[in-house]
Amino acid sequence: MLKKVEGIVIRTVDYGETNKIITLYTRETGKVGVMARGAKKPKSRLSAVSQLFVYGHYLYQHTSGLGDLNQGEAIDSFRSIRNDLFLTSYAAYAVELVDKLTEDKKPNPYLFETLYQVMHALDEEKDPEVVLFIFELKMLSVAGINPQLRCCVNCGLDTGKFEFSIREGGFLCHRCLSIDPYHIPLKKRTAELLHLFAHMDLARLGNISLKSETKKEIRDVLNQYFDAYSGLYLKSKRFLEQLDRFKLD
Ligand SMILES: [Zn+2]
């Protein structure tokens with residue numbers, strides 16, 4: 001049975017001399033692996049559409065295992081991302097996160113749309129750090145491990161000064177701080193932004209400019225939270241951290 005999908009290439013692996021196995025994240029079927037025969041040959045009609053990050057329409061032979069890619073038509077190959085090492089690294093992290101946090105053939109059109117918006121926002125050169133903050137918060141929600149960022153996890157009040165507790169899984173208000181001596185102090189603005197980013201539609205992200213210390217606070221919270229709850233170790237994330245250090249020097 002032939003199946004037509006709209007998808008983004010989130011992983012590619014060479015297979016033999018001439019073939020590639022590509023993983024697509026699709027609107028219709030979620031994550032699906034297909035064999036792109038001959039895609040490593042430059043003249044192959046599958047070569048361009050089998051590159052990492054390409055967004056397009058794909059037609060493949062559906063089987064119980066790996067499908068067979070028949071044809072593809074690129075809609076966008078996100079040129080700005082491709083031409084920039086930093087943007088490529090951010091995008092590589094985004095697609096690896098989707099790959100690691102999803103199972104095969106479980107449709108989630110919302111996640112597809114979110115991934116598309118991430119790629120689009122990076123390609124439009126929106127602040128990549130902010131794009132990833134929003135995306136990571138959405139992925140925590142997809143994985144069912146989202147932190148409480150609306151009110152205090154302990155008393156439920158939504159007023160007061162909030163800090164972050166990794167152990168308790170979200171905001172702790174000033175009244176409840178003593179239950180977690182290891183809470184992470186947050187500036188008021190940082191707490192507001194975490195709440196805002198968790199609910200923000202990426203398509204509506206304008207040109208927001210954050211102080212580097214605010215970014216650092218958000219990054220620390222997200223890193224520690226991911227380390228504690230996601231069970232993931234992503235190569236692309238480590239690479240991104242190395243690049244960040246390089247950028248600061
Ligand atoms: Zn409280």
Quiz prompt | Most fluctuating residue given options 148, 224, 117, as computed from a GNM of the chain linking Cα atoms under 10 Å | solution = 224
Self-check item: Apportionment of accessible area to carbon and sulfur, the chain, percent (1.4 Å)
Solution: 51 percent
Practice problem: Just flag the GluC sites (Glu not before Pro) in segment 51-132 sitting in loop per DSSP whose Cβ has no more than 11 other Cβ atoms within 10 Å. | Solution: 103
Self-check item: For residue 108, residues with placed amide H under 5 Å, excluding near neighbours
Solution: 30
Self-check item: Note, ³J(HN,Hα) from phi for segment 113-125, Karplus 6.51, -1.76, 1.60, rounded to Hz, x at Gly and Pro
Solution: 4, 5, 4, 4, 5, 4, 4, 5, 5, 5, 5, 7, 6
Exercise. Taking chymotrypsin sites (Phe, Trp or Tyr not before Pro) as candidate sites, keep only those in a DSSP loop with at most 16 other Cβ atoms within 10 Å, then name the longest stretch of the chain containing none of them.
Key: 1-181
Quiz item: How much length, in nm to one decimal, is gained on full extension between residue 79 and residue 182, taken as 0.36 nm per residue of separation minus their Cα-Cα distance?
Solution: 32.7 nm
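Set the Förster radius R0 to 22 Å, insert the Cβ-Cβ distance between residue 28 and residue 232 as r into 1/(1 + (r/R0)^6), and round the FRET efficiency to 0.05. Don't skip to the end; give the middle numbers.
Details: r = 26 Å, r/R0 = 1.18.
Once the sixth-power term is evaluated, E becomes 0.25.
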Quiz item: Counting only DSSP beta bridges with both residues in the chain, what percent are antiparallel, rounded to the nearest 5?
Solution: 90 percent
Quiz item: By how many degrees, 0 to 90 and rounded to 10, does the Cα axis of helix 85-101 deviate from the longest principal axis of the chain?
Solution: 90 degrees
Quiz item: List the lysines whose alpha-carbon lies under 26 Å from that of residue 187, not counting same-chain residues fewer than 8 positions away?
Solution: 126, 138, 161, 211, 215, 216, 237, 247
Self-check item: At 1.002 mPa s and 20 °C, Stokes diffusion of segment 152-209 via Kirkwood alpha-carbon radius, µm² per second
Solution: 175 µm²/s
Exercise. May I ask you to give the solvent-accessible area per residue for segment 1-120, in square angstrom, as obtained with a 1.4 angstrom probe?
Key: 47 Å²
Practice problem: Output the relative contact order of segment 109-228, whole-number percent, from Cα pairs under 8 angstrom with separation of 6+ residues. | Solution: 26 percent
Self-check item: Other-chain or far-sequence residues with amide H under 5 Å of residue 54's (modelled H)
Solution: 9
Exercise. Determine ³J(HN,Hα), in whole Hz, for all residues of segment 64-76 in sequence, where each value follows from phi through the Karplus function 6.51 cos²θ - 1.76 cosθ + 1.60 and θ = phi - 60°; x replaces Gly and Pro.
Key: 6, x, 6, x, 10, 6, 9, 7, x, 9, 6, 9, 8
Quiz item: Three principal axis extents, largest first, for the C-alpha atoms of the chain, in Å?
Solution: 64, 41, 31
Quiz prompt | segment 108-217: C-alpha pair distances exceeding 24 Å, % | solution = 29 percent
Self-check item: Dimensionless Rg ratio for segment 94-134, taking C-alpha atoms and the 2.2 N^0.38 Å reference
Solution: 1.21
Quiz prompt | Cβ-Cβ FRET estimate between residue 141 and residue 15, R0 fixed at 45 Å, reported to 0.05 | solution = 0.85
Quiz item: So what are the ³J(HN,Hα) numbers for segment 151-164, from phi and the Karplus equation (6.51, -1.76, 1.60; θ = phi - 60°), rounded to whole Hz, Gly and Pro as x?
Solution: 8, 5, 5, 8, 10, x, 6, 10, 10, x, 9, 10, 10, 10
Quiz prompt | Estimated inter-spin distance, residue 41 and residue 125, nm [label 7 Å along Cα→Cβ] | solution = 3.9 nm
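The values are calculated or read from the model by the stated rules, or taken from the named source; none is laboratory data. In this text, all values refer to a predicted model and were calculated from it rather than measured experimentally. Backbone-built Cβ (ideal geometry, glycine too); neighbour counts: all protein chains shown. Note: accessible area is taken over every heavy atom of the protein model, side chains too, but ligands, DNA and RNA are not part of it. Shrake-Rupley method; radii C 1.70, N 1.55, O 1.52, S 1.80 Å.
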